[in-house]
Amino acid sequence: MRLSGKIAIVTGAGSGFGEGIAKRFAQEGAGVVVNDIHAANGNRVAGEISSAGGKAIFIKADVTRSSDWASLVGGAQSAFGRLDILINNAGWTHRNKPYLEVTEAEFDKVYAVNVKSVYLSALHAVPVFRKQGGGCIVNIASTAGIRPRPGLTVYNSSKGAVVLMSKSMAGEFGADNIRVNCVNPVFSPDTALSAEFAGGAVTDEARKRFLATIPMGRFSTALDVANACLYLASDEASFISGVSIEVDGARSV
């Protein structure tokens, strides 16, 4: 198993990509801390992992709050004795609309959930990694951060910030044997935010419009994203840091 003996926190793991990552990591032997702001979803995922023979607990935490991060990282250590991997997957977007119609409150929430959370995660996880002699962070950004579309400008810029933060963190923490990488999924109609990205219901017309931009002719799946994260979190990627992997069927070419 590629993650045997390792302990991972996966934020936003109550559904979508996060759920896929948590379950895939558990299949590969990791003990998983399932995090979500919605307790029912998070408990369901942790329960399904445990029922399948994996090791998982659920910890409710708001990734925009430092005190919640302290509880999340501390909870991982209390339950499993260590922390090896941190997947910053939790995200949020304003609805697809003109830039000048995005409210200040929406702007603040996008940056709090998508960017501030990465900053806070490092404040609490990096000291633990340093004491243990290393660790791994994978930040889930988006193709929107490198190939933006109109209508999601604030969201796009937040994901661009995550891409650049990941590279800079890799340079800063490399001497501590802490690897930091980034995964950029393309649009998926199966995630909770898909209607926001589409600006309304994900109709057949909307699906066709998005699909037409992906050369390989299909959307990203939770398993696609999970497998990219699995590689980056595994020892196979022990010298890989500061990279962004586009999981997008050549959308960003």
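Regarding residue 138, is this residue part of a helix (DSSP H, G or I) and closer than 23 Å to residue 167 by Cβ? No; evaluated as a whole, the condition is false for this residue. Residues of segment 200-226 that are touching a residue at least 24 places away in the same chain (Cβ under 8 Å) and under 22 Å from the mean Cα position of the chain (by Cα): 214, 218, 219, 220, 221, 222, 223, 224, 225, 226.
Considering 4, 66, 71, the condition of being modelled with pLDDT of 95 or more, polar (S, T, N, Q) and within 29 Å of residue 194 (Cα to Cα) is satisfied by 66 alone. Go through segment 51-82 and give me each residue that's closer than 15 Å to residue 34 by Cβ, small (Gly, Ala, Ser) and in contact with a helix residue (DSSP H, G or I) (Cβ under 9 Å, 6 or more places away or on another chain). Hits for segment 51-82 are 52, 54, 56, 61, 76. Scanning segment 33-74 for residues being under 19 Å from residue 140 (Cβ atoms) and among the hydroxyl-bearing types (Ser, Thr, Tyr) gives a total of 1. Answer yes if at least one residue in segment 189-196 is charged (D, E, K, R), part of a loop (DSSP other than H, G, I, E, B) and modelled with pLDDT under 95, and no otherwise. Yes - at least one qualifying residue is present in segment 189-196. Checking 123, 83, 100 one by one, the residue that is touching a residue at least 60 places away in the same chain (Cβ under 8 Å) and either surrounded by 23 or more Cβ atoms within 10 Å (Cβ to Cβ) or of a type in the set (A, V, I, L, M, F, W, C) (or both) is 83 and no other.
The values are calculated or read from the model by the stated rules, or taken from the named source; none is laboratory data. Just so it is clear, the model here is predicted, and its values are computed rather than measured. Positions of Cβ are backbone-derived with ideal geometry, glycine not excepted, and every protein chain shown enters the neighbour counts.
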